[in-house]
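Worksheet: the structure to be examined is printed underneath.
The values are calculated or read from the model by the stated rules, or taken from the named source; none is laboratory data. Note that the structure is a prediction, hence the values are computed from the model and not measured. Cβ atoms come from the backbone with ideal geometry, glycine included; neighbour counts cover every protein chain shown. The accessibility values were calculated without ligands, DNA or RNA, using every heavy atom of the protein model including side chains. Shrake-Rupley method; radii C 1.70, N 1.55, O 1.52, S 1.80 Å.
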Amino acid sequence: MSDLVKGLAALGLRHTAAQLDDVVALATKRRWSPTQLLEHLVETEQHERTRRSLERRLLRSRLGRFTPMTDFDWAWPKRIDRALVEAVLQLDFLTAARNVVLVAPQGLGKTMIAQNIAHQAVLAGHHVLFTTAAQLLLDLGSQESARGLARRLTYYGQRGLLVLDELGYLSYDARAADLLFQVVSRRYERKSLVLTTNLAFSDWPTIFPNAGSAIALIDRLIHHAEIITIEGESYRRRAAELTRKASRTKPTS
């Protein structure tokens, strides 16, 4: 059996190789014909490869843990286009290489929505990368050679879906603006981008105060984009206030 296990593994049938004893026992118990056995092997191998592929895409997406949309409180924001949010969660924008831009103050769930979009894309078989704008620009800005920078720009430009979170919380110099512009340009009309920001587009010059590419960056980003604006008070602030009220009303022992 050891030679058979090695042969199966060499052919890429790793799941069958690992479970060979159980497969033989099951086939014997159920008196499968050769055709039934092969059908079982094909089904289990396909299922296992699909599972491993999903695990790899989730790991490479850097998505991490997140709150599902079933926990989103649609009644809390003063303004949100629920129909548009639910539409982008169906991923139709990916087919047309359109972008999704979520504009909202801190604490209104824009990152949560972006994470759920990314997760749906992973489940649909897309290669996704979730990162913050600060992490992306730090990575690009730290490249010490033109070849290294070109390689990283290609990496960010070719992901099936790139999700950039938290643009607007920090200011950047002109070089950072140019690097971000290059990423957006490489993806323009080819690959979709999801971006979250706490600033209206008119305030973006404050992020890149000395960058001539800021206007061109906005233009390419929103040319083919679904713009989702959320207005209201912070969820986290509400939760903190409820916690404080509960602690004040809690009877002392």
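Residues in the range 59-104 that are among the aliphatic types (A, V, I, L, M) and at positive phi: L91, A97. The set of residues in the range 1-20 that are open to solvent by 100 Å² or more (accessible area, probe 1.4 Å), within 39 Å of the chain's Cα centre (by Cα) and not hydrophobic (A, V, I, L, M, F, W, C) comprises K6, R14.
Whenever a residue of the range 202-221 is farther than 18 Å from R187 by Cβ and of a type in the set (S, T, N, Q), its partners that are open to solvent by less than 80 Å² (accessible area, probe 1.4 Å) and part of a helix (DSSP H, G or I), lying with C-beta atoms within less than 7 angstrom and at least six residues away or across chains, give the pairs N210/A174. Of all residue pairs spaced 6 or more apart or on separate chains, those with beta-carbon atoms under 7 Å, a first member in the range 175-190 that is crowded, with 21+ Cβ neighbours inside 10 Å and a second member that is basic (K, R) are V184/R220. Being open to solvent by less than 20 Å² (accessible area, probe 1.4 Å) and over 24 Å from L94 (Cβ atoms) holds for only one residue in S171, S213, and it is S213.
The rows are residues; the columns are (1) at pLDDT 95 or above; (2) hydroxyl-bearing (S, T, Y); (3) over 17 Å from R98 (Cα atoms).
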| position | (1), (2), (3) |
| --- | --- |
| R147 | yes, no, yes |
| R151 | yes, no, yes |
| G157 | yes, no, no |
| L162 | yes, no, no |
| Y169 | no, yes, yes |
| D173 | no, no, yes |
| A177 | no, no, yes |
| V183 | yes, no, no |
| R186 | yes, no, no |
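Could you tell me whether any residue of the range 3-10 is modelled with pLDDT of 95 or more and aliphatic (A, V, I, L, M)? No, the range 3-10 contains no residue that is modelled with pLDDT of 95 or more and aliphatic (A, V, I, L, M). Looking only at residues in the range 192-209 that are surrounded by fewer than 18 Cβ atoms within 10 Å (Cβ to Cβ) and either touching a helix residue (DSSP H, G or I) at 6+ places or on another chain (Cβ under 6 Å) or of a type in the set (D, E, K, R) (or both), the one that is modelled with the lowest pLDDT is P205.
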